[in-house]
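Worksheet for the structure shown next.
The values are calculated or read from the model by the stated rules, or taken from the named source; none is laboratory data. Please read all numbers here as calculations on a predicted model, not as lab measurements. Cβ sites come from the backbone with ideal geometry, for glycine too, and all protein chains shown count toward neighbours. Ligands, DNA and RNA are stripped out before the accessible areas are found, and what is left, the full protein with its side chains, is counted by its heavy atoms. Shrake-Rupley method; radii C 1.70, N 1.55, O 1.52, S 1.80 Å.
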Amino acid sequence: MTWKALLLAAAALAGAAPAQAGKALIWARGADSTTMDPAEVEWGEDAKITQNVFEPLVSFRHDSVELEGRLATAWTVSADGMSMTVDLRDGVTFHDGTPFNAEAVVFTFNRLTDAKHPQRPRVAPYASNFSDLSKVEAVGPRRVLFTLKTSSAVFLHNLTLFGACIVSPEAVKKHGEKFALNPSGTGPYRLARWDRDVRIVLDRFDGYWGPKPAVGRVIVVPVNSPQTAIEKLKKGEVHVVDHPTLADAKPLQEHAATKMDFETSMNVCYLGFNLKKAPYNNPDFRRAVSLAIDRKALNAVAYYDLAEPASNVVPPAIWRDTAPTPAYEYDPAKARELLARAGLASHKVELIHMTFSRPYVPEPQRVAETIKDQLEKIGLEVRLTGYDKAAYTLKTREESHPMYLQGWSADLPVPDNFLYPLLHGDNAGDLNGSFFNDAEFNAAVKAAQSERDPGKARSLYTKAYERYRAELPTIPLVHVKQLIALSKRVDYNMHPIEYRFFIATLRE
Amino acid sequence: MAGLGLMTFFALLAGTIGWASPYDPVRIPDGDLAALKLAPPSSSHWLGTDHAGRDLFTRVFFAARVSLFIGAACTAFSLVLGLPLGAAAGYFGGWADQGVSRALDVLLSFPSILLAIAIAASMGAGLGTVVLAVGIVGVPQFARQVRASVLTLREQDFVTASRALGAGHGRILFLDILPNALGPIIVLATLGVGTSILMAAGLSFIGLGVEAGTPEWGLMLREGYRDRTLSPWPALFSGLAISLSVLGFNLFGDGLRDALDPRSTEVR
């Protein structure tokens, strides 16, 4: 017993004392986890840990959003698209020592989707992504059959979601509701210790089936203020800060002990129009606004030149091989003409915006002030009103709101994840705050959801995009790069979607 | 006198900056913003430029107009509501006093900046909201001061005399009592302008104040604070403007009190 206590004390010291920093990678982030049960994960901070402790059947390649098997080695979709057979990796064990097999997969998905399951998680925010799953069954020790209610093109992508990470059935049954504190997956790291709001200690899982992580221990600490975290980074008290502000990028690149890594954007910031209200429902007005927007100036004033000008609501990394989208034209003179022709010269308009930071608008006031400036340069008179989170969500769903600033970060790296929630008629008055409800657009997006031929899906998306571009219910402004601050002792390449502690290396 | 000097300095520059400066305080300049923004002080931009490449000198002193207007408007708002409430409570006593005083106690029981934040957050940011939020927060101070003065004055012989001559309540209150209660109110109002500027700047700093892009010290301080690692000047100069103007009003208010209060003169 005594040596155990000693070991525990040593582990606690390793987390607390900067002198011990050489042994473990110390990762600072904005907030602590709320759960470690993948089924309960709702936000990025929870996912950061579960992505390293658990594994899904299918995940992304190390450098892109292309899918590759993780716990699955192969999958085949039936000709009618209604079922999928998945072959599972051999020789994989959970952290609790039990073997990974088809039963564990069946257990994981039943637990997630069956409201009457005895080990049902307390909440399951992403369970609705699996509402088209009719049945999952083991058809052999290493083979699983998924049966769907409708043919779905995004089902395979859904398997990459947090909730679809495979859990150890034995550990879930043993710990019950406390599984959220005692996670057991197949990932490269296992949970060693969790002191709420202080630190999470992850140790390398020696029984991991894949390449073992270079760093034996990762200590994840919540440091709410990015400024404090960055000071700690400069002093060497932490090695990674995953929430630097855009303003920090340049000084950190120039600092002797720190560096930055950037990753392509998975988000969009856009300007929306309430199509139920004048003058925002006037196509000439929307065209004029579109012509007045100078994305280069916007990038300089509001994004520290760390954004990419948007030509589509879907980020380029997700639009990929679909027909390229040309840049939006910037022509204030033409905009003035259009306004004059529509009888809207020097018209009074209103733009509402959030006052809180999001990844796609770290500085919402600056975006608003720049757009106001650009619209006033074509003769409009613009009033700005800022709202906090609760008020803003309500405001953009009312029918009375004017122009608004909004954005979106991808849950899944597929075009549908932007086009359907933000622009489809089904979601008008919800996330679709413009009330855009175009029959042709709706039909193309719906058809693409069940289209499994990538070529045909691409042409449907192109058609939807053309309607969007012609009607301008919203105008995409920028895609904001993702960034992470690192000590020069650390090698780590950001992944577009996931935080992968297991690829980091730490030099003495 | 130092207070009066500071106030005059800000007022003069605020009044003349419009035609004295070649730069626009609000418009984002055309041209290469990456080169224009966050420039350090130079001969063409005396205090440097802000995050959008605008001249800081022009903005800091143009903002004096906005901030002084906010200070004055908030104080006027507090005064217009506080004066009649306090006067009624002090003069009539009884139920009127109970009602007004308890209502004021409720307002006073909230920390003032929290109350202002609650009002601003529920109405959406904007100049009108700031004046309303900061103005309401200031009402109890004025009402209490007026009530206290009126309470003392209404028992004075000249009031009794006026009443004996058959004067009505209105005449007594407005022609006999209030003119004699004005001294402390003027002092309070002067100090109130300083406090209001500070509180409005606080609201803007947390994003609940004036419209984004407005040259206003609190908002400029917020934007400058964000960029402090890239350029310290915007935060430094807007912060300095807030400190100096509030200091000016406070010194002036203190001076006025000394001048208007006979007791403090005697002691010296």
Could you list all residues from the range A:371-391 that are open to solvent by 30 Å² or more (accessible area, probe 1.4 Å), within 8 Å of another protein chain (Cβ to nearest Cβ) and assigned to a strand (DSSP E or B)? A:383
Conditions (1) over 22 Å from residue A:371 (Cβ atoms); (2) within 14 Å of another protein chain (Cβ to nearest Cβ); (3) open to solvent by less than 60 Å² (accessible area, probe 1.4 Å) -> residue B:208 fails only (1)
Selected residue (criterion: farthest from residue A:320 (Cα to Cα)) from residues of the range A:237-260 that are open to solvent by 30 Å² or more (accessible area, probe 1.4 Å) and away from chain B (no Cβ under 11 Å): A:237
Residue by residue through the range A:76-89, note down the ones that are outside any loop (DSSP other than H, G, I, E, B) and surrounded by 13 or more Cβ atoms within 10 Å (Cβ to Cβ). A:77, A:83, A:84, A:85, A:86, A:87, A:88
So if I check each of B:229, B:160, which one is without any contact (Cβ under 8 Å) to a residue 24 or more places away in the chain, open to solvent by 10 Å² or more (accessible area, probe 1.4 Å), over 16 Å from residue B:71 (Cα atoms) and within 14 Å of chain A (Cβ to nearest Cβ)? B:229
Name every residue in the range B:211-221 that is open to solvent by 10 Å² or more (accessible area, probe 1.4 Å), more than 7 Å from chain A (Cβ to nearest Cβ) and not aliphatic (A, V, I, L, M), in order of residue number. B:214
Apart from one, (1) of a type outside the set (A, V, I, L, M); (2) within 20 Å of residue A:267 (Cβ to Cβ); (3) in contact (Cβ under 8 Å) with a residue 40 or more places away in the chain; (4) within 14 Å of chain B (Cβ to nearest Cβ) all hold for residue A:312; the odd one out is (4)
Filtering the range A:339-360 down to residues that are open to solvent by less than 30 Å² (accessible area, probe 1.4 Å), under 26 Å from the mean Cα position of the chain (by Cα) and either closer than 18 Å to residue B:121 by Cα or within 12 Å of another protein chain (Cβ to nearest Cβ) (or both) yields A:352, A:353, A:354, A:355
Verdict on residue A:73 being at pLDDT 95 or above and either in a helix (DSSP H, G or I) or touching an Asp or Glu at 6+ places or on another chain (Cβ under 7 Å) (or both): yes
Scan the range A:456-474 and give yes if some residue there is in the same structural domain as residue A:405 (by TED's automatic domain parsing), in a strand (DSSP E or B) and either touching a residue at least 60 places away in the same chain (Cβ under 8 Å) or in contact with a strand residue (DSSP E or B) (Cβ under 7 Å, 6 or more places away or on another chain) (or both), otherwise no. yes
Only one of A:303, A:280, A:328 is closer than 19 Å to residue A:481 by Cβ, touching a residue at least 60 places away in the same chain (Cβ under 8 Å) and open to solvent by less than 30 Å² (accessible area, probe 1.4 Å), namely A:303
Please work out if residue B:252 is more than 14 Å from every other protein chain (Cβ to nearest Cβ), among the aromatic types (Phe, Trp, Tyr) and surrounded by 18 or more Cβ atoms within 10 Å (Cβ to Cβ). yes
Quick check on residue A:271: is it open to solvent by less than 10 Å² (accessible area, probe 1.4 Å), modelled with pLDDT of 95 or more and within 14 Å of chain B (Cβ to nearest Cβ)? no
Those residues of the range A:124-149 which are modelled with pLDDT under 90 and open to solvent by 70 Å² or more (accessible area, probe 1.4 Å) amount to A:128, A:131
Output the qualifying pairs, or none if there are none: Cβ atoms under 8 angstrom, residues six or more apart or on different chains, first residue in the range A:423-442 and under 13 Å from residue A:466 (Cα atoms) and not assigned by TED's automatic domain parsing to the domain that holds residue A:457, second residue modelled with pLDDT of 95 or more and surrounded by fewer than 19 Cβ atoms within 10 Å (Cβ to Cβ). none
